[in-house]
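Shown next, in structure tokens, is the structure this report addresses.
The values are calculated or read from the model by the stated rules, or taken from the named source; none is laboratory data. As the structure is a prediction and not an experimental result, all values here were calculated from the model. Ideal geometry is used to build each Cβ from the backbone, glycine not excepted, and the neighbour counts take in all protein chains shown.
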Amino acid sequence: GAGVSQSPSNKVTEKGKDVELRCDPISGHTALYWYRQSLGQGLEFLIYFQGNSAPDKSGLPSDRFSAERTGGSVSTLTIQRTQQEDSAVYLCASSLGGSSNQPQHFGDGTRLSIL
Amino acid sequence: DAKTTQPNSMESNEEEPVHLPCNHSTISGTDYIHWYRQLPSQGPEYVIHGLTSNVNNRMASLAIAEDRKSSTLILHRATLRDAAVYYCILRPINNAGNMLTFGGGTRLMVKP
């Protein structure tokens, strides 16, 4: 079946511009996570959505970062006034529920490069 | 959070079994043991998880020590496509929505 889909796969933009990254989770998955991964580094948690509950935004690095999830499905991560340190691979994952017994299924990410 | 320790790298020959070890001596009774892997230029991929008993699925087997202080991911016949970084992580049972935190992992190289 269809996995987690992210778009665009690559994004190059100038410093100071805004970017929007999209995630289509697996159908029926109520939990959705955003992470980022810098070259050769581990995962950095950004934000978590579960059903209609308020999202856990504790990982967002600054107020330039925001995310929304419409209709409990598609999610968009927005970065305003991008900085060079925002360059990374942004990964989205979904799972059937938020419990730790549910594996997370990842997309292949959006590689963001800030010039 | 309980920590895991894995070798930095391992090598295997194609079509031979691979045993990837993970130490988690401070594991609590309510931690699941999860394994993920990440192939080059791809997102992480779930492999397997377990709590106390050994587990098998189409990708791999997970052998958990009786005291749960270590576990071993077993790939029965390595293929070139199995070359990846393998991550062993612990996830508390009652921590809904907890994010994944990867350590260094084991880089598996498969020789033809």
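Just a few scattered comments:
- Number of the condition not met by A:Thr82 [criteria: (1) within 13 Å of the chain's Cα centre (by Cα); (2) surrounded by 18 or more Cβ atoms within 10 Å (Cβ to Cβ)]: (1)
- Residue check, B:Gln6 crowded, with 17+ Cβ neighbours inside 10 Å, within 11 Å of chain A (Cβ to nearest Cβ), at negative phi and in contact (Cβ under 8 Å) with a residue 24 or more places away in the chain: no
- Residue within segment B:55-73 that is within 13 Å of chain A (Cβ to nearest Cβ), within 30 Å of A:Asp56 (Cα to Cα) and β-branched (Val, Ile, Thr) present: no
- Out of B:Ser12, B:Ser41, sole residue that is in contact with a strand residue (DSSP E or B) (Cβ under 9 Å, 6 or more places away or on another chain), free of Cβ contacts under 8 Å to residues at least 12 places away in the same chain and under 29 Å from A:Val89 (Cβ atoms): B:Ser41
- Among residues of segment A:55-70 being surrounded by fewer than 16 Cβ atoms within 10 Å (Cβ to Cβ) and of a type outside the set (Ser, Thr, Tyr), the one that is nearest to the other protein chains (Cβ to nearest Cβ) is A:Lys57.
- Given (1) closer than 28 Å to A:Ser58 by Cα; (2) at pLDDT 95 or above; (3) more than 11 Å from the chain's Cα centre (by Cα), number of the condition B:Ala96 does not satisfy: (2)
- Any hit, segment B:27-48, residues being away from chain A (no Cβ under 14 Å), outside any strand (DSSP E or B) and buried (at least 18 other Cβ atoms within 10 Å of the Cβ): no
- Residues within segment A:71-112 that are within 14 Å of another protein chain (Cβ to nearest Cβ) and touching a residue at least 40 places away in the same chain (Cβ under 8 Å), tallied: 20
- Residue that is nearest to B:Phe102 (Cα to Cα) [pool: residues in segment A:45-54 that are under 13 Å from the mean Cα position of the chain (by Cα) and crowded, with 18+ Cβ neighbours inside 10 Å]: A:Leu46
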